[in-house]
1. If you take the residues in the range 236-250 that are open to solvent by 30 Å² or more (accessible area, probe 1.4 Å) and assigned to a loop (DSSP other than H, G, I, E, B), which one is nearest to residue 18 (Cα to Cα)?
2. Residue 259 passes all but one of (1) more than 24 Å from residue 479 (Cα to Cα); (2) in a helix (DSSP H, G or I); which number fails?
3. Just one of (1) within 14 Å of residue 300 (Cβ to Cβ); (2) in contact with a Pro (Cβ under 8 Å, 6 or more places away or on another chain) trips up residue 450, so point out which.
4. Give me the residue from the range 11-61 that is within 12 Å of ligand 2 (Cβ to nearest atom) and without any contact (Cβ under 8 Å) to a residue 40 or more places away in the chain and, out of that set, most open to solvent (accessible area, probe 1.4 Å).
5. Can you tell me which residues in the range 393-432 are open to solvent by less than 10 Å² (accessible area, probe 1.4 Å) and over 24 Å from the mean Cα position of the chain (by Cα)?
6. Looking at the range 444-455, I want the residues that are within 12 Å of residue 420 (Cα to Cα) and have a partner that is exposed (fewer than 15 other Cβ atoms within 10 Å of the Cβ) with Cβ atoms under 7 Å, at least 6 apart or on another chain. Which pairs are those?
7. Is there any pair with a first residue in the range 229-242 that is not assigned by TED's automatic domain parsing to the domain that holds residue 402 and a second that is open to solvent by 40 Å² or more (accessible area, probe 1.4 Å) and part of a helix (DSSP H, G or I) whose Cβ atoms are under 7 Å apart and which are 6 or more apart or on different chains, and what are they?
8. Determine whether the range 298-313 contains at least one residue that is more than 16 Å from ligand 2 (Cβ to nearest atom) and either farther than 21 Å from residue 344 by Cα or modelled with pLDDT under 95 (or both).
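The values are calculated or read from the model by the stated rules, or taken from the named source; none is laboratory data. These numbers were taken from a predicted model, which means no experiment stands behind them. Every residue, glycine as well, gets a Cβ built from its backbone with ideal geometry; the counts of neighbours run over all protein chains shown. The protein model used for the area step is the full one, side chains on, heavy atoms only, and it has no ligands, DNA or RNA in it. Shrake-Rupley method; radii C 1.70, N 1.55, O 1.52, S 1.80 Å.
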Amino acid sequence: MNIVFAASECVPFSKTGGLADVVGALPHALASLGHQVTVYLPKYKQTRISESHVALRSITVPFDDQYRFCSVIDGGKRSGVQFYFIDYPQFFDRDSLYGTPAGDYPDNAERFALYSRAVIEASKILGVPDIFHCHDWQSALVPILLRTSYADDPVFQSTATVFTIHNMGYQGLFPPDTLPLIMLPWDLFTMDKMEFWGKVNFLKGALVFSDHITTVSRKYAQEIQTAEFGFGLEGVLKARAANVSGILNGVDYKEWNPESDRLIVRQYSAVQIEGKRECKYDLLRQFGIEDRKNVELPVIGIVSRFAAQKGFDLIAEIADDLAQLPVVLTILGSGDKEYQDLFLKLNREYPEKFALKVAYDNVLAHKIEAGADMFLMPSRYEPSGLNQMYSLKYGTVPIVRATGGLDDSIESWNPVTGKGTGFKFSGYSGSALLTAINEALNAFFKEKQSWKTLMLNGMRKDFSWTVSAREYVKIYERLVPPKPAAPTEKVLELSRA
Ligand code: ADP
Ligand code: GLC
């Protein structure tokens, strides 16, 4: 099967969050199952491509006032996956992907409309896929255009579209006059298509026009059909429930595995776990808090975008209690000023308890996964979440709120049966979080052997991408049934006989 991925970020070329990890790994898993996969990405300032050449010098993208001309760079093949980059410096050669701390770039609708149209036009020349697999609002115009402006294009008559929701919290909402600007017809501006409380909603359009919708865990697939998690689009999703599936993200164990991780001071495994202690010391040293007493205390790690989704207001609620507990937090994150200020304040008040680095730092993210004893994700909602699954592999016990992919990937620890991989709490409250942390600390201090069992349970879990990739293939094949294989010579001979 021939599959084109359209997404706005992908490791190692561009990243703000888990979407990049998924787009960096799933295509390879699909390719190793024998499929032909091409990934189209915007070429940002941060995108580094070696040995590239121009595949298409000029693609014409119409806007209401002028034509815009972008080129397509051939990024070559990596582990069987073809990469192309849409190059339009005026839109993408900027310091960030989507905006500055002050807010989103004001021309995001045009930026990603140009990107989506360029993907469709480039595919006509570089290879028409069986499936366009699009991700989040930035590529939402692909399924929308394919079923509207491109409905009569003979080239795409047997191409199907799959759209994956990575986060309902980001929908691509723009004022109505965006429509003519990006050359979309006004008849899309109705309640059953892209109109949403007087605005144009890119995500809504993709939910209406895609042949199949997926999201990144089973639980989140159910949650988003309710008012609590649907961000106003629960009705649209309910109406399409027969075409909505949840497939949990996987882990790229080439990147996230303590046995082979070159970013940590000492590699270790479930069989030889001693190296983790050295990683813990190194982690504390990174934060300048490596004195003896801290080495004996349990360390809770956090690596996160600072956003309302992540539940950090619960930490604010219990900060004074946390400060009294025998524990150290090492926190790495960047994003919304509100949460940045919160952690800076906690760090000022309790420097030994709330160690903080405000940054985007991949090396430190690996060191936290390896060096911490526990990993905290108190998310308000979490479509899939990746760090809790990375944590399992590193023997770093997750403490999570039972929502979305966190609930699907973590099993509560039961000290009696010795089963389970972490600690979960349900209610969205500081006290529920505090209870879970206390439970984890009690288990940590109580008995070394049973804590080790808990760590090993997690380290032995397998969330590799192949399983999820097979689920996606089932969906693709339902939409575009595989063509019967051409008869082999032997079969032909037999039929002639
Ligand atoms: P989300 O996509 O909502 O941010 P995920 O758990 O799916 O959440 O993925 C987050 C990814 O981004 C992980 O790979 C994580 O290590 C990485 N990440 C998040 N914040 C930072 C940061 N400040 N520095 C380095 N990596 C980060
Ligand atoms: C989103 C979600 C996160 C998910 C990631 C990749 O940003 O917040 O839960 O893991 O996308 O699918």
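1. 248
2. (2)
3. With respect to (1) within 14 Å of residue 300 (Cβ to Cβ); (2) in contact with a Pro (Cβ under 8 Å, 6 or more places away or on another chain), residue 450 is out only on (1).
4. 15
5. Within the range 393-432, 420, 430 qualify.
6. 450/418; 453/418
7. Every condition considered, the pairs that remain are 236/208.
8. There is at least one residue in the range 298-313 that is more than 16 Å from ligand 2 (Cβ to nearest atom) and either farther than 21 Å from residue 344 by Cα or modelled with pLDDT under 95 (or both).
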